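Colleague: Here you go, one structure.
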C-alpha cells in the first residue's frame with residue numbers, strides 16, 4: 001500500500017471527491033491535494049478537505065518549481081488536473097490547454113522520476129478519433145442514436161456489443177483536448193519504462209454527480225439538472241439538433257470505488273490502459289436526460305435547437321469496461337435516476353452561495 005498520495009487538481013470535482021474517499025476508506029494513507037484554484041467553485045471544497053485531514057498545497061502543475069520533490073514526497077501521484085473541455089482551443093489559442101494537460105503531466109512525471117512515485121493517470125475517452133466514431137454504423141430510435149444497425153451487426157475493430165474497447169483505432173483527429181491526453185499517456189508509458197516506476201492509465205468517459213460545477217462544454221448531465229432546477233434555457237446542439245446524441249456516464253462514487261480498488265491492488269492493474277465508464281446500462285441521450293430532469297425537478301424549461309455540429313462532436317460514445325471489470329469485478333452501481341436525484345439534492349442544499357457560483361454571480 002502506498003503511504004502518501006498526491007492528487008493534482010485535488011480541489012476540483014473529481015480530485016476533491018477522491019481525496020475524501022481515500023481519507024475515509026484508507027485513513028492510514030497521507031493525502032495531499034494540489035490545486036491552483038483556477039476552476040470556478042473549487043474554492044468551495046477547501047473547508048471539507050481540511051476538515052477531513054487532507055493537506056492542501058496551493059500550486060500549479062504548469063509551473064515546474066511548484067512540484068519540487070524536496071517539499072512534496074509522494075509515493076503515488078494521481079493526476080487529476082486538467083482543462084477537461086473537448087471544445088477547448090477551438091476559436092482561440094490552445095496555450096492554456098496544452099500547458100495544463102500536457103506540460104502539466106510532464107511536470108508531474110518529473111516529480112515521479114525524482115521521487116520514484118508511481119502514477120495513476122486520468123485520461124479520457126476523447127483519445128478515440130471523433131471522425132472514426134461518427135463513421136460507425138448507427139440506428140435511430142425515438143429518443144436516441146445507437147451504435148450498429150437494427151441487428152447490431154457489422155461493427156468495426158474496437159467496437160463490441162457493449163461499446164468502445166481499448167483496441168479502437170487511434171488514427172485521426174480526436175479534439176485538441178483528446179490529443180493532449182493521448183500525448184500525456186505516451187509520456188507516462190515512456191517515463192515508466194525509462195525511470196522504473198509503475199503506472200495505471202484510465203480512460204474515463206463522462207464523470208458526473210453532486211459537486212460538479214458544470215459548464216456548457218463540460219459536465220453535461222450536471223448542467224442539465226442545474227438548468228432545470230434554476231430554470232435557465234438550454235439547447236440541443238449538433239446532429240440535427242434533436243438531442244439524440246448519446247454518452248455513457250459514471251457517478252463520482254463509482255469512480256472513487258474504482259480508484260480505491262486500484263490503490264489497494266495496484267499491482268493487479270499496473271502497466272495497462274482501461275476504459276472506465278458507465279457502459280450501456282448507464283448511457284443517456286440529451287432527450288432522455290431532459291425527461292429525467294423534468295421528473296426530478298418538476299420544472300419544464302425552454303430547450304432550443306442548433307442543428308450544426310461543433311468541432312469534435314461525437315454522435316454516440318459508450319465505454320466497454322470489460323477489461324477493467326476483469327481485474328476485480330468493478331462495475332458501475334449507480335444509475336441515471338439516482339445520479340440525477342443526487343445532483344438535485346446537492347443543488348437544493350447548496351443555497352444562494354452555490355446558486356451564485358453555478359450561475360456566475
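Colleague: On the given criteria, is residue 305 surrounded by fewer than 13 Cβ atoms within 10 Å (Cβ to Cβ) and within 30 Å of residue 89 (Cβ to Cβ)? So that I can check it myself, show each step before the final result.
Modeller: Numbers: surrounded by fewer than 13 Cβ atoms within 10 Å (Cβ to Cβ): yes; within 30 Å of residue 89 (Cβ to Cβ): yes.
Taking the combined requirement at face value, the residue satisfies it.
Colleague: Among the numbered conditions (1) surrounded by 18 or more Cβ atoms within 10 Å (Cβ to Cβ); (2) more than 19 Å from residue 231 (Cα to Cα), tell me where residue 264 comes up short.
Modeller: Evaluating residue 264 over (1) surrounded by 18 or more Cβ atoms within 10 Å (Cβ to Cβ); (2) more than 19 Å from residue 231 (Cα to Cα) leaves (1) as the failure.
Colleague: How many of the residues making up segment 328-361 are touching a helix residue (DSSP H, G or I) at 6+ places or on another chain (Cβ under 9 Å), surrounded by 11 or more Cβ atoms within 10 Å (Cβ to Cβ) and part of a helix (DSSP H, G or I)?
Modeller: Adding up the residues that qualify gives 17.
Colleague: Being more than 16 Å from residue 351 (Cα to Cα) and crowded, with 22+ Cβ neighbours inside 10 Å is the filter here, so list the residues in segment 205-217 that pass it.
Modeller: Correct list: 205, 206, 207, 208, 209.
Colleague: Could you say whether any residue in segment 111-120 is out of contact with any strand residue (DSSP E or B) (no Cβ under 6 Å at 6 or more places or on another chain), under 26 Å from residue 169 (Cα atoms), in contact (Cβ under 8 Å) with a residue 12 or more places away in the chain and surrounded by fewer than 18 Cβ atoms within 10 Å (Cβ to Cβ)?
Modeller: For segment 111-120, residues out of contact with any strand residue (DSSP E or B) (no Cβ under 6 Å at 6 or more places or on another chain), under 26 Å from residue 169 (Cα atoms), in contact (Cβ under 8 Å) with a residue 12 or more places away in the chain and surrounded by fewer than 18 Cβ atoms within 10 Å (Cβ to Cβ): absent.
Colleague: Return the only residue of 142, 169, 137 being surrounded by fewer than 14 Cβ atoms within 10 Å (Cβ to Cβ) and within 19 Å of residue 244 (Cβ to Cβ).
Modeller: On the way: 169 fails: within 19 Å of residue 244 (Cβ to Cβ); 137 fails: surrounded by fewer than 14 Cβ atoms within 10 Å (Cβ to Cβ).
Of 142, 169, 137, the one residue that is surrounded by fewer than 14 Cβ atoms within 10 Å (Cβ to Cβ) and within 19 Å of residue 244 (Cβ to Cβ) is 142.
Colleague: Scanning for something under 18 Å from residue 202 (Cβ atoms), touching a residue at least 40 places away in the same chain (Cβ under 8 Å) and more than 18 Å from the chain's Cα centre (by Cα), does segment 328-335 turn up at least one residue?
Modeller: Scanning segment 328-335 turns up at least one residue that is under 18 Å from residue 202 (Cβ atoms), touching a residue at least 40 places away in the same chain (Cβ under 8 Å) and more than 18 Å from the chain's Cα centre (by Cα).
Colleague: Out of 185, 190, 171, I need the residue that is at pLDDT 95 or above and either part of a strand (DSSP E or B) or in contact with a strand residue (DSSP E or B) (Cβ under 9 Å, 6 or more places away or on another chain) (or both). Which one?
Modeller: Values: 190 fails: either part of a strand (DSSP E or B) or in contact with a strand residue (DSSP E or B) (Cβ under 9 Å, 6 or more places away or on another chain) (or both); 171 fails: either part of a strand (DSSP E or B) or in contact with a strand residue (DSSP E or B) (Cβ under 9 Å, 6 or more places away or on another chain) (or both).
Just a single option satisfies the conditions, and that option is 185.
Colleague: Let me ask something additional. Please go through segment 68-81 and pick out each residue that is within 11 Å of residue 8 (Cβ to Cβ) and modelled with pLDDT under 95. Break it down stepwise before answering.
Modeller: Step one: filter segment 68-81 for residues within 11 Å of residue 8 (Cβ to Cβ), giving 72, 74, 77-81.
Matches in segment 68-81: 72 only.
Colleague: Shifting gears a bit: Pick out, from segment 2-121, the helices (runs of 4 or more DSSP H) lying fully within it that include 3 or more residues that are under 30 Å from residue 356 (Cα atoms).
Modeller: Values: elements: 13-25, 46-51, 95-98, 104-115.
Qualifying helices (runs of 4 or more DSSP H): 13-25, 46-51, 95-98.
The values are calculated or read from the model by the stated rules, or taken from the named source; none is laboratory data. Predicted model, so just to flag it, every value in this text is computed and none were measured. When we count neighbours, we look across all protein chains shown, and the Cβ atoms used for this are built from the backbone with ideal geometry, even at glycine.
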